[in-house]
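Participant: Here it is, the structure, as structure tokens.
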Amino acid sequence: MIRELHTPDQVRAACGDDDLVMWAARGLARGSRAWALGDAVVTASPRLARRDRLGVSGDAASAALLVRHALGELGPSFHPVGDTELIAQVAADIDGMEVAGEFSWMSLPPGMAPTPGDHAAWLDPAEDAEVSALLGRSAPGSYAVPGLPGVRRWAGIRIDGRLAAVAADAWSAPDVGLLGGVATAGAFRGRGLAGRLCRWVAWHLEKDYGRAALMVDDDNPAALAVYGRLGFIRRHIAAAGTKDGD
């Protein structure tokens, strides 16, 4: 029988503290919900990293039943996300659903964030225009941009007064801090600034939320290498959607 979960501790116990599922649970705040069936768990959050998302874990048959239930409760705009094979099986089991993309979820085990240096700082909101300009030139496809709901704060490194690299605390959940919007200005590439800044932000995310994670495209080997050197563990995931969803 499908049961709704009403507290973050219930979600944590049901999913084995899966950090992707816990991130999508968002502490069961802001309209988030969660359900369990057997060892499967689905957590739902609206407008999480620009989309309505369902975090999915567990055996495929039970997970598909939970996804159907969630879509019936919440509507077709929600996109299941989870381990690649699981999402492929869930999508194949639901009429009108298909895998929309594959990428990677990378996370640091609790207590493993590397000690930061003193070369970065949280930026003032008055500096958002500079952040936007850097992203527009160097990372125009960034999901995180200043002023977007859920993008909490930006960190940066300045060199000779110029903003050289940026990264965001974006769409973090109460117990999973999400790193996003990482970019380095073209004139400063090749100096290891992205790694230094991500090390600094990851340490602060772990301090504030308990652990740090991020999403990265599989066709970005430079970013994957940077995050791997920092100790982030890679997990291949996929997202799916229905033809009626947005």
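Participant: In degrees between 0 and 90, to the nearest 10, how far off the longest principal axis of the chain does helix 128-138 point, with axes built from Cα atoms?
Facilitator: Computed tilt is about 80 degrees.
Participant: Now for a separate question. Per residue of the chain, what 222 nm ellipticity follows from adding -39500 (n - 2.57) for every DSSP H run with n ≥ 4, rounded to the nearest 500?
Facilitator: Mean residue ellipticity, 222 nm, calculated: -9500 deg cm²/dmol.
Participant: How big is region 124-179 along each principal axis, measuring the range of its Cα positions in Å and listing the largest first?
Facilitator: Answer, in whole Å and largest first: 36, 21, 17 Å.
Participant: OK, next. May I have the convex hull volume per residue, in Å³, for the Cα set of region 66-109? Don't jump to the answer; show the numbers that get you there.
Facilitator: On the way: hull volume 4.4 nm³, N = 44.
Expressed per residue, the convex hull around the Cα atoms of region 66-109 is 99 Å³.
Participant: Something else about it: Would you mind checking the radius of gyration and Dmax of the chain based on alpha-carbon positions, in Å?
Facilitator: When restricted to the Cα atoms of the chain, Rg and Dmax are 18.1, 61 Å.
Participant: For region 155-218, what size does the Cα cloud have along each of its three principal axes, sorted from largest down, in whole Å?
Facilitator: 35, 27, 16
Participant: Give, in nm to one decimal, the length gained when the segment between Arg3 and Asp59 is fully stretched (0.36 nm per residue of separation minus the Cα-Cα distance).
Facilitator: Separation in residues times 0.36 nm, less the Cα-Cα distance, equals 18.6 nm.
Participant: By how many degrees, 0 to 90 and rounded to 10, does the Cα axis of helix 60-74 deviate from the longest principal axis of the chain?
Facilitator: That helix lies at roughly 80 degrees to the long axis.
Participant: In whole Å, how far is the Cα centre of region 74-99 from that of region 170-205?
Facilitator: Using only Cα atoms, the two centres lie 30 Å from each other.
Participant: Here is a follow-up. Among the trypsin sites (Lys or Arg not before Pro) within region 195-246, which fall in a DSSP loop and have no more than 10 other Cβ atoms within 10 Å of their own Cβ?
Facilitator: Qualifying residues, ordered by number: Lys243.
Participant: Using only Cα atoms, figure out Rg for region 19-101 and give it as a multiple of 2.2 N^0.38 Å.
Facilitator: Ratio of Rg to 2.2 N^0.38 Å for region 19-101: 0.95.
Participant: Moving to a separate point now. Per residue, how large is the accessible surface of the chain? Use a 1.4 angstrom probe and give square angstrom.
Facilitator: Here the residues of the chain average 44 Å² of exposed surface.
Participant: Also: Percent of accessible area on the chain owned by carbon and sulfur, 1.4 Å probe? Let's see the in-between values first.
Facilitator: Numbers: 5490 of 10750 Å².
Of all accessible area on the chain, carbon and sulfur atoms account for 51 percent.
Participant: Using the basic label-point model (7 angstrom from Cα toward the beta carbon), what is the Arg153 to Asp218 distance in nanometres?
Facilitator: Distance between label points: 3.5 nm.
Participant: In angstroms, what radius of gyration and Dmax does region 39-169 have, counting Cα atoms only?
Facilitator: 18.9, 57
Participant: How big is the Kirkwood radius of region 116-246, worked out from every pair of different alpha carbons and given in Å to one decimal?
Facilitator: On the way: mean 1/r = 0.0657 Å⁻¹.
Mean inverse Cα-Cα distance, inverted, gives 15.2 Å.
Participant: While we're here: Helix 193-209: angle to the longest alpha-carbon principal axis of the chain, degrees 0 to 90, nearest 10?
Facilitator: Approximately 50 degrees, to the nearest ten.
Participant: Which length gain, in nm to one decimal place, applies between His119 and Ile233 when the Cα-Cα distance is subtracted from 0.36 nm times their residue separation?
Facilitator: Residue separation times 0.36 nm, minus the Cα-Cα distance, leaves 38.6 nm.
Participant: Also, I was wondering about something else. Please identify, among Leu205, Leu71, Leu48, the residue showing maximal mean-square fluctuation in a Gaussian network model of the chain using a 10 angstrom Cα cutoff.
Facilitator: Leu71
The values are calculated or read from the model by the stated rules, or taken from the named source; none is laboratory data. Computed from a predicted structure; not experimentally measured. Glycine also receives a Cβ, built like all others from the backbone with ideal geometry; neighbour counts cover every protein chain displayed. Ligands, DNA and RNA are excluded from the accessible area calculation, which covers all protein heavy atoms including side chains. Shrake-Rupley method; radii C 1.70, N 1.55, O 1.52, S 1.80 Å.
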